[in-house]
1. Going through A:35, A:69 one at a time, which residue ends up being under 30 Å from residue B:56 (Cβ atoms) and more than 14 Å from every other protein chain (Cβ to nearest Cβ)?
2. Being under 20 Å from the mean Cα position of the chain (by Cα), within 14 Å of chain A (Cβ to nearest Cβ) and on the phi > 0 side of the Ramachandran plot narrows it down to one residue among B:46, B:26; which is it?
3. Against the definition (within 11 Å of chain A (Cβ to nearest Cβ), part of a loop (DSSP other than H, G, I, E, B) and either in contact with a strand residue (DSSP E or B) (Cβ under 6 Å, 6 or more places away or on another chain) or over 23 Å from residue B:200 (Cβ atoms) (or both)), how does residue B:143 come out, yes or no?
4. What number of residues in the stretch B:209-227 are assigned to a strand (DSSP E or B) and either free of Cβ contacts under 8 Å to residues at least 12 places away in the same chain or within 16 Å of residue B:36 (Cβ to Cβ) (or both)?
5. For the stretch A:257-269, what are the residues that are more than 19 Å from residue A:190 (Cα to Cα) and either assigned by TED's automatic domain parsing to the domain that holds residue A:110 or buried (at least 24 other Cβ atoms within 10 Å of the Cβ) (or both)?
6. Can you give me the number of residues within the stretch A:226-250 that are more than 8 Å from chain B (Cβ to nearest Cβ) and either surrounded by fewer than 24 Cβ atoms within 10 Å (Cβ to Cβ) or without any contact (Cβ under 8 Å) to a residue 40 or more places away in the chain (or both)?
7. Of everything in the stretch B:152-169, what is within 11 Å of chain A (Cβ to nearest Cβ) and buried (at least 21 other Cβ atoms within 10 Å of the Cβ)? Give them in sequence order.
8. Let me spell it out: the conditions are (1) at pLDDT 95 or above; (2) touching a helix residue (DSSP H, G or I) at 6+ places or on another chain (Cβ under 8 Å); (3) farther than 22 Å from residue B:134 by Cα; (4) more than 13 Å from every other protein chain (Cβ to nearest Cβ), and residue B:15 meets all of them except one. Which number is the exception?
């Protein structure tokens, strides 16, 4: 331990990671950061492993202070970030001195933001992940006054000239808006919806306030199943688009129950799920049909951008003498044979 | 002789990070054994980027990291796994047996009377039919690793609730369609709740979190309301060690 962050205004915040990948085989959802790209980017910006525990803030304002000097990065939905009262950039590493207050306000252009801290924070794990699971009652939901151990301190880094921005790492940012486009591939049960399946690509859907990390409910013109009869419970993928009622479409997200008995009409792509993670009640969603090959290629391009970011961060941090990730430190040793 | 002749399978795309593999012999026992043995093999094969497999009745969902492996590579693993199973002489883990006390009806089983009405039989018959069957745990389902079982032999399939409950307590013993289940954790639910067990199924300090695995067998035993408190807080445990495998299916 090197210090603590003290939560002053918790809003709706948790400590999470990329998910409990061993969970589904035991009947637990994967959970983890809903906007995976933003969560990875936040960790990469402070030279953490992609999967390091970080804070996920949903919709509400958040404030914390720190007992030691730390380095943070805030990603996700557009918002206003201040540190010690100074306006600071999102999607860049930001130095925070002991005693300063970090305030996140006005998460309005999307729904979720991520705060990564260099060296990460201490959080309990279940099956290898700290991701909260609301069903089994596991995880670190932050409360006002709660202290969380930070694992590394970083001496303050300040641009000496006129408080110019410290870094310009130029990360590709998602562009959430009130009209979202979500790519989907045909689901394994697409044919069960007959011609009505194509309604999914022609209609516009509105995000219901009853949406959460388990699934988003969307109102609009609904495809209808043309077959009848009980469906045996089956494992359903994150992103599954189902029509469980006559009122709403359901798109399952990372908190989904791993098995269900509804036919799977379509499946949101990995990148589409990041878009949905930022959907606010009232936003409109259009589904665009793609193929698994194209979706995979798009996902890999996006991960390559993060890989390029990681290289830039490692270069800059090494120059500044900020503790770098373990695999970087291993390099000279390997080179020495 | 192989212990299991795996069923032929169909493989369906399920997004960019999962495949659904469906066994197609039409023989429920063979299809179930195929998908569970395949899931075990996949979990143990150590393929990079393979997150895990979720087997149920006739299908298994295989989840993977689209960055490191492709759906095509995972298909090849599935084919390899099935070939390996066809050669294996291992007939899998010995089933363990669980004895589950249940208080039927009243506040513990609010749907018991409705169900008796719907089935056209008495409440006593519902309890008798439900508690006289030996159940095989077919898979771990939602929520929280629920033991999913083939249901009791009621005259007609059980309808789901028109208005699902927002909260069903842990330990709720429920039926729907031709299936039966126990809820390990508090969760919303649309199944008919006939009773409740005082035993605790879920233990977050244990890995895995629930004491049973697919293939284990389970029986329900009616107890009186007054007995509930005596069992409360006890963990659900296998009744006998695996010393008497021959009796496990008796």
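The values are calculated or read from the model by the stated rules, or taken from the named source; none is laboratory data. All figures in this text were calculated on a predicted structure; none of them were measured in a lab. Ideal geometry is used to build each Cβ from the backbone, glycine not excepted, and the neighbour counts take in all protein chains shown.
1. On the way: A:69 fails: under 30 Å from residue B:56 (Cβ atoms).
Step by step, each of A:35, A:69 is checked, and only A:35 is under 30 Å from residue B:56 (Cβ atoms) and more than 14 Å from every other protein chain (Cβ to nearest Cβ).
2. B:26
3. On the way: within 11 Å of chain A (Cβ to nearest Cβ): yes; part of a loop (DSSP other than H, G, I, E, B): yes; either in contact with a strand residue (DSSP E or B) (Cβ under 6 Å, 6 or more places away or on another chain) or over 23 Å from residue B:200 (Cβ atoms) (or both): yes.
When the stated conditions are applied, residue B:143 passes them.
4. Of all residues in the stretch B:209-227, those assigned to a strand (DSSP E or B) come to B:217-222.
This time we only want the ones that are either free of Cβ contacts under 8 Å to residues at least 12 places away in the same chain or within 16 Å of residue B:36 (Cβ to Cβ) (or both), so: B:217.
Number satisfying all stated conditions: 1.
5. To start, the set of residues in the stretch A:257-269 that are more than 19 Å from residue A:190 (Cα to Cα) comprises A:257-258.
Scanning the stretch A:257-269 gives a single hit, A:258.
6. Our first condition is that a residue be more than 8 Å from chain B (Cβ to nearest Cβ); within the stretch A:226-250, this holds for A:226-229, A:231, A:241-250.
Within this subset, residues satisfying the condition of being either surrounded by fewer than 24 Cβ atoms within 10 Å (Cβ to Cβ) or without any contact (Cβ under 8 Å) to a residue 40 or more places away in the chain (or both) are A:226-229, A:231, A:242-248, A:250.
Matching residues across the stretch A:226-250 total 13.
7. B:158
8. Condition not satisfied by residue B:15: (4).
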